[in-house]
1. Go through the stretch 1-45 and count every residue that is touching a helix residue (DSSP H, G or I) at 6+ places or on another chain (Cβ under 9 Å) and within 15 Å of residue 108 (Cα to Cα).
2. Of (1) in contact with a strand residue (DSSP E or B) (Cβ under 7 Å, 6 or more places away or on another chain); (2) more than 19 Å from residue 38 (Cβ to Cβ); (3) surrounded by fewer than 21 Cβ atoms within 10 Å (Cβ to Cβ), residue 86 satisfies all except one. Which?
3. From the list 106, 125, which one is buried (at least 18 other Cβ atoms within 10 Å of the Cβ) and touching a helix residue (DSSP H, G or I) at 6+ places or on another chain (Cβ under 7 Å)?
4. Among (1) surrounded by 20 or more Cβ atoms within 10 Å (Cβ to Cβ); (2) under 19 Å from residue 156 (Cβ atoms), there is one condition residue 99 misses while meeting the rest; what is its number?
5. Take residues that are at negative phi and surrounded by 15 or more Cβ atoms within 10 Å (Cβ to Cβ) and tell me which of the strands (runs of 3 or more DSSP E) falling wholly in the stretch 1-70 contain 2 or more.
6. Determine whether residue 160 is crowded, with 20+ Cβ neighbours inside 10 Å, free of Cβ contacts under 8 Å to residues at least 24 places away in the same chain and not in a loop (DSSP other than H, G, I, E, B).
């Protein structure tokens, strides 16, 4: 595990399009997943302790905001050759176990992760109804093994501001997590796995 930070994609970026299979093999696109208010895209995986730490809060947050018009998708881009626990059949089990109601997609080519400049799990991207990036960064300040539970404070504040058409709170703090497990020779040029 290499602790890695978000690349902090520039605000205002248009959400790159995608068409990826979910855990059941059904293709989900950016536009089919978007809600009336916008879309939250989470790069995540099964085995990462940072994702496991927030899984319960992520499931709760997603359910709450999906009911308020925000589309939510999770995307796993990890190399399943080196990390078989992140394979699609295990993704299906994880979604059921954690109670994820959002689509959990598999980015086998890792091209979607590259399009979003994703670097870690979890990595959060919130786009408004015009598909413009308004928030990227952390769920909250909690981390594994700190003895604190995830609250979703930072992301919830951004979601609430978006829904009430108010400015997104600053500063936006980079998410921290495990590095995306790139296929050999497929590491993107923006990847920097050195966070102290």
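1. Here is the first cut: in the stretch 1-45, the residues touching a helix residue (DSSP H, G or I) at 6+ places or on another chain (Cβ under 9 Å) are 1, 3, 15-25, 35, 37-45.
After this cut, where a residue has to be within 15 Å of residue 108 (Cα to Cα) as well, the list is 18-25, 43-45.
Residues that pass the stated criteria total 11.
2. All conditions are met except number (3).
3. On the way: 125 fails: touching a helix residue (DSSP H, G or I) at 6+ places or on another chain (Cβ under 7 Å).
Of 106, 125, the one residue that is buried (at least 18 other Cβ atoms within 10 Å of the Cβ) and touching a helix residue (DSSP H, G or I) at 6+ places or on another chain (Cβ under 7 Å) is 106.
4. (1)
5. Working: elements: 3-5, 19-21, 27-29, 38-43.
Strands (runs of 3 or more DSSP E) meeting the threshold: 3-5, 19-21, 38-43.
6. No; evaluated as a whole, the condition is false for this residue.
Residue-wise test of (1) modelled with pLDDT under 95; (2) buried (at least 18 other Cβ atoms within 10 Å of the Cβ); (3) part of a loop (DSSP other than H, G, I, E, B); (4) more than 16 Å from the chain's Cα centre (by Cα).
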{"residue": "114", "(1), (2), (3), (4)": "no, yes, no, no"}
{"residue": "118", "(1), (2), (3), (4)": "no, yes, yes, no"}
{"residue": "134", "(1), (2), (3), (4)": "no, yes, no, no"}
{"residue": "189", "(1), (2), (3), (4)": "yes, no, yes, yes"}
{"residue": "192", "(1), (2), (3), (4)": "yes, no, yes, yes"}
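The values are calculated or read from the model by the stated rules, or taken from the named source; none is laboratory data. None of these values were measured; they are calculated from a predicted model. Cβ: placed from backbone, ideal geometry, glycine included. Neighbour counts: every protein chain shown.
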